[in-house]
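Below: the structure, in structure tokens.
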Amino acid sequence: MIVAPDLPILPCRIDGGVKLFELRAEPVARELLPGVWMEGWGYNGSIPGPLIVVRTGDDVMVRVQNRLPVPTSIHWHGLDVPNTMDGVPGIEPTPLIQPGQTYEYRFQITNRPGTHMYHSHVDVVRQMSMGLGGMLIIMDPNESGIAHDYAYMLQQFRLNGLSKGELLKGHYRIDPYSDDFNFFTMNGRCFPHVHPMIAKRGDKVRIRLGSIGMIPHPMHLHGHQFQLTALDGNKLLAGNRPLMNTISVASGETRDIEFMADNPGRWPFHCHIPHHNANNFTSQVGGMFTFIHY
């Protein structure tokens with residue numbers, strides 16, 4: 001079973017053979033750290049949005065309600081959908097979803113199993129930087145051998161109201177037009193306010209990574225070598241899977257890595273850019289950092 005630590009999986013119901021999902025684009029307050037709240041835009045009360053899980057061949061309808069003060073859309077990043085459903089108004093024949101309106105995206109999942117994303121494609125500098133994105137996974141029902149399957153969206157934000165090196169409880173607004181980021185998140189939380197990955201010795205572990213931010217993140221795993229098994233939702237052939245311990249994830253990319261849990265301990269997994277491992281430049285370990293424990 002796939003898990004996105006600290007994020008919900010979006011429920012669906014079957015209606016006439018169609019998988020119906022409901023998303024609300026809305027203002028969200030997300031607790032990055034205990035008592036430290038980020039005010040931005042997200043889906044269904046979360047930044048990033050909930051994990052969407054489908055299978056190849058599914059007929060899907062995503063009903064999107066816009067509770068934002070501005071028009072929006074959703075782009076199904078990496079999915080081969082009809083042009084009318086791709087979510088880029090003004091370029092494609094797909095509509096803006098006005099405030100207070102609801103729009104239904106309908107398409108069939110034709111891609112093979114893999115890791116993808118969804119995000120706004122309207123006023124992207126503002127809307128994506130405010131938090132409007134999420135992960136979408138196409139599962140393989142016949143797959144075996146993976147004991148633990150984890151998914152993470154990597155994001156970064158500039159929160160106003162704090163001086164560098166200051167970390168005070170309160171509510172802080174995102175500045176979507178700044179690239180002077182001071183908080184770096186995995187699934188919308190900063191270390192140590194995260195749930196770690198859990199495994200048992202001998203388990204095979206997969207980690208799926210996606211990013212819609214402005215800067216690449218070199219993600220490093222301690223104590224293990226992993227194989228890069230998929231790029232942008234497309235599996236690599238068995239003979240073309242490099243052995244690594246650091247993988248860079250740039251904006252618009254997804255990466256799948258797999259490794260054996262064969263070296264017991266409490267092992268960090270984090271972005272290797274130094275200030276991405278801190279919360280607003282404080283001295284304690286934080287930011288885009290988690291660990292696996294077994």
Task: Filter result for Glu22 (modelled with pLDDT of 95 or more and closer than 27 Å to Arg189 by Cα) - done: yes
Task: Test: residue in segment 154-161 that is over 28 Å from Gly233 (Cα atoms), within 19 Å of the chain's Cα centre (by Cα), part of a loop (DSSP other than H, G, I, E, B) and in the same structural domain as Gln284 (by the TED database) - done: yes
TODO: Those residues that are touching a Pro at 6+ places or on another chain (Cβ under 8 Å) and more than 28 Å from Ala230 (Cβ to Cβ), I need them from segment 69-83; list them, please.
DONE: Pro69, Val70, Pro71
Open item on the list: Among the residues of segment 134-148, are any free of Cβ contacts under 8 Å to residues at least 12 places away in the same chain, of a type in the set (Ser, Thr, Tyr) and closer than 30 Å to Lys204 by Cα?
Closed with: yes
TODO: Six or more apart or on different chains, Cβ under 7 Å: which pairs go from a residue in segment 1-23 that's closer than 14 Å to Val60 by Cβ to one that's buried (at least 16 other Cβ atoms within 10 Å of the Cβ) and of a type in the set (Phe, Trp, Tyr)? Could you list them?
DONE: Leu10/Phe21; Cys12/Phe21; Leu23/Tyr43
Task: Search result, residues across segment 246-289 that are of a type in the set (D, E, K, R) and either out of contact with any Phe, Trp or Tyr (no Cβ under 9 Å at 6 or more places or on another chain) or buried (at least 22 other Cβ atoms within 10 Å of the Cβ) (or both) - done: Glu253, Arg255, Asp256, Asp262
Task: Identity of the residue in segment 190-211, over 19 Å from Thr246 (Cα atoms) and of a type in the set (A, V, I, L, M), that ends up farthest from the chain's Cα centre (by Cα) - done: Ala199
- [ ] Name, by its number, the condition in (1) farther than 23 Å from Leu231 by Cβ; (2) surrounded by fewer than 21 Cβ atoms within 10 Å (Cβ to Cβ); (3) small (Gly, Ala, Ser) that does not hold for Ser129.
- [x] (2)
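Going through segment 103-124 one residue at a time, which ones are in a loop (DSSP other than H, G, I, E, B) and among the hydroxyl-bearing types (Ser, Thr, Tyr)?
Within segment 103-124, Thr110, Ser120 qualify.
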Task: Selected residue [more than 24 Å from Pro113 (Cα to Cα) and surrounded by 16 or more Cβ atoms within 10 Å (Cβ to Cβ)] from Val205, Val194 - done: Val194
Task: Candidate set: segment 174-193, residues that are touching a residue at least 40 places away in the same chain (Cβ under 8 Å) and hydrophobic (A, V, I, L, M, F, W, C); chosen: the one nearest to Phe281 (Cα to Cα) - done: Phe183
Task: Options Gly100, Gly165, Gly131; residue that is within 22 Å of Val62 (Cβ to Cβ), outside any strand (DSSP E or B) and in contact (Cβ under 8 Å) with a residue 60 or more places away in the chain - done: Gly131
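The values are calculated or read from the model by the stated rules, or taken from the named source; none is laboratory data. Please read these numbers as outputs of a predicted model, since none were measured by experiment. Virtual Cβ from ideal backbone geometry, glycine too; neighbours counted across all protein chains shown.
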